[in-house]
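Written out below as structure tokens is the structure these notes cover.
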Amino acid sequence: MTVDQSLADLSDTLFSIAVALYSVAVVAFSAQLAFGRRPAARELVAAGAPADRPAPTPAEPTSARWGLVGLAVTALGALVHAAVLVTRGMAADRLPWGNMYEFATAVVLVGVVAYLVLAVRTPQVRTIGAFVLAPVVISLVAIGLFLYTETGPLVAALRSSWLAVHVSSAILGFGIFFVSGIASVLYLLEVRHEARGGDAGTSVLSRLPAAVTLDRVAHRTAVFGFPIWTFAVIAGAIWAESAWGRFWGWDPKETWAFIAWVVYAGYLHARTTAGWRGRPAAWVNVIGLVVMVFNLLYVNMVSTGLHSYAGVN
């Protein structure tokens, strides 16, 4: 199969543009944190979080404008980011997630879109933009440096209609968990900040949403992502039976995908269990994100198994 090199080159150029736009968004969101205050009055604190502190003053107009600029640039970056995958898929005439470079790029895009949806629906969440976009930029730079692969045809093992089902759902689940994990990390930092009495708005943490808001974001995104990841695991088992004659073989990739499923199931259960709400549950969610990243990087690139087709040059 021939590759349209002009489209492949365009995809690579758009990748660099997306990184540049996200970097600008990080600057804008950082300015929002620097010049603004917490965007909403205090909400009732969930179990496991400290007591209320005095309600802050509304965000300053300059801060709000920086936040809107960051949101607009992020949206533009997401469009360019999507075009990276579209042009790459068109260049090779296939779905654009046949190797680690494409898979990881798609996961990060889902994370960005998930944040944008949250920011539109819940304006208080916009102030975490710098903490979402900074990992996005770092991830994309690392993807471009260490995972980049020339556009080409799919390896034989991936030439199946199940690619659109299993891998697509895995991308969606991972991207949503990416945002959920960041929200839990910020929740843990914010709870610690509140436990120390907070401040009069002199630290970055004082400008973040209340801990209860961050906890709610982490929980709701995990609730949304969990059934998608569950479906991805089930679809992978069905594909394995079709390709290898067995539903499950404890291949490293299968094993760690199942471990991730167990961790997120544990997180959702912990959120409803007395004694595990708040910080303990948030730590479980963070561990879930670590397991997902480990499954992507170590299992694909270091371990050997039937899923060893990372496609890294």
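Here, each number is a calculation from the coordinates, and none is a lab measurement. These numbers were taken from a predicted model, which means no experiment stands behind them. Positions of Cβ are generated from backbone atoms using ideal geometry, with glycine treated the same way; all protein chains shown enter the neighbour counts.
Given R0 = 25 Å, the distance between the Cβ atoms of GLU241 and VAL86 translates into a calculated FRET efficiency of 0.20. The orientation-averaged projected area of the convex hull spanned by the Cα atoms of the range 5-301 comes to 15.3 nm².
For the peptides 65-75, 134-144, residues were scored by their other Cβ atoms within 10 Å and the scores averaged per peptide; the highest-first order is 65-75, 134-144. Put a dot 7 Å past the Cα of VAL27, heading toward its Cβ, do the same for LEU145, and the two dots end up 2.1 nm apart. If you take the charge dipole of the range 5-301 about its Cα centre, with +1 on Lys and Arg Cβ and -1 on Asp and Glu Cβ, which of ALA232, ALA25, HIS219 is farthest toward its positive end? The listed residue farthest towards the positive side: HIS219. Rounded to whole numbers, the Karplus 3J(HN,Hα) couplings from phi for the range 171-179 are 4, 4, x, 4, x, 5, 5, 4, 5 Hz, using 6.51 cos²θ - 1.76 cosθ + 1.60 with θ = phi - 60°, and x at Gly and Pro.
The Cα center of the range 1-27 and the Cα center of the range 267-295 differ in position by 35 Å.
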